[in-house]
Each structure stands twice: as structure tokens, then as C-alpha cells.
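Below: one structure, written as C-alpha cells.
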Amino acid sequence: MSPLPARLRQLTPTRLRDDVRLRALAVGLGLIPPRTMHSSEDARVLLEAVRGAQRVVEIGVYEGASALALYGALDTSSELHLIDPFGSHPDALPGGWGATEWATRRVLARAVRRRGGAAPRVCWHAALSQEVAERWSGEVDAVFIDGDHSEAGCELDWSSWHPFVKLGGYVVFHDAREGQDDGRGLPGPTAVVVRHFRSGGRSPGWEIAAEADRTVAVRRLA
């Protein structure tokens, strides 16, 4: 199916546009694009962190907009691991929002078909990120933390995944610049970034490599 014209989508009442089941059907069928949760500045920081990466992990997939951006930036030999429990998690999304695994998988499947044989490998993990980390092995080049936005949830994502990041690799936090000049964000991820990486934080061997709008990328130095 072809996407509905943007003008027609804008006329849809908010209560219908945000209805989880209707959105899942429309996104899954390709009638509307996945909802973009990141600005162009956010995307710039994220995609710079995964340049040349062979193994990337995204925590918090929602409808797949950032996963599409990551997928498009990766080489054929790369792996993109997508982690999301696809359930009701009040600290991951605004109230009333949600996504379904079926619809988001279809979004990425269409991207895979468009690239044909020159496609990175997409690996799905419908689970909590710490559950995936418990059975994980091997290094990763980059981890994008954009799931549970509570302070405890973001801290758990960081503690579960940063040990797997190789020297020179990145962890990227979304919604983590509340209170910064020209920045935005939410209290939870912002608190984690401040505690670990600002003003002599608790994570020696890591540094803030880039940041803009709501996004902070930290790099492993040692």
C-alpha cells in the first residue's frame, strides 16, 4: 500500500491518530510512517556514533523511526539488535502511546526488502534490555539508550550494557539534556548523564564525545 498524503493524515483527530491499535494497523500496512521521536540534531549525534560500526544495539524501538535511521547508516556486514518488550511501560512513552511488535517488524522488513541483498542483519529481542544483557556475549560498537526514561530504568540500561562496549565505542542517551543550554530532555536520563559524565562523574574511562538537542553520546576511552 502507498502512504496516505500528509495533508490527509493531519486532518485525522488526535484521539484517532494516537489510538494504539489504529496506529499499529496503519504503520504496519505502510499507510503512515513511524512517528519520529528525534530531531535532525539528535539524529546527527546518533548516526555519527555508529559510523563504521559492525554491531549496534538499540534499546527502545517504539514504531521504528530511529531503527530505520540506524539501519540506513550501517554497512552490509553489520548487525542491528533491536530491544523492546512492546508492552505497557509508563516510563518509556507519553501517556496513552504504545506500539506493537507486529507493526514495527513490518516497518523494518520493508527497509530490508528495499536494500535487497545489500542489507545489514536485523536481530529482534522482544524483552526487557536487562534480560537480553544477561544472556549477551561479545563486544558492541554502540548502544542507543532510549527505552525506560525513569532514572532507575535508564541507570539499569547503562549498567547492563556499557561493559559490552568496546574501546572507542559509544553509548548514546536520548532525552538526556534537560537544563542544558539549547538542550531538552527528561529528568531520568538527564540525571544519569549528569551523575556519570559531568563535573567529574562516576565513570572514569568515558567522556562526552558529542551532544545536541536531547541527545548525548559518550565514548569509551579505557
Output for segment 177-191, where each listed residue is under 16 Å from the mean Cα position of the chain (by Cα) and open to solvent by 60 Å² or more (accessible area, probe 1.4 Å): L186
Residue among S39, S129 that is touching a helix residue (DSSP H, G or I) at 6+ places or on another chain (Cβ under 6 Å) and either among the hydroxyl-bearing types (S, T, Y) or closer than 22 Å to L22 by Cα (or both): S129
Boolean, A209 is assigned to a loop (DSSP other than H, G, I, E, B) and surrounded by fewer than 22 Cβ atoms within 10 Å (Cβ to Cβ): no
In segment 106-131, residue surrounded by the fewest Cβ atoms within 10 Å (Cβ to Cβ) [restricted to those that are touching a residue at least 60 places away in the same chain (Cβ under 8 Å) and more than 21 Å from D75 (Cβ to Cβ)]: R106
Counting just the residues of segment 132-186 that are small (G, A, S) and part of a helix (DSSP H, G or I), which one comes out farthest from S78 (Cα to Cα)? A152
Pair list, Cβ < 7 Å and 6+ apart or interchain, from segment 56-77 residues that are in a helix (DSSP H, G or I) to residues that are among the charged types (D, E, K, R) and surrounded by 24 or more Cβ atoms within 10 Å (Cβ to Cβ): S66/E58; S66/D146; A67/E58; L70/E58
Only one residue in V216, V194 is open to solvent by 20 Å² or more (accessible area, probe 1.4 Å), β-branched (V, I, T) and modelled with pLDDT of 95 or more. Which one? V194
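The values are calculated or read from the model by the stated rules, or taken from the named source; none is laboratory data. All figures in this text were calculated on a predicted structure; none of them were measured in a lab. Methodologically, a virtual Cβ is constructed for each residue, glycine included, from the backbone with ideal geometry; neighbour enumeration extends over all protein chains shown. Each accessible area value is taken on the protein alone, full model and side chains, heavy atoms only, with ligands, DNA and RNA left out. Shrake-Rupley method; radii C 1.70, N 1.55, O 1.52, S 1.80 Å.
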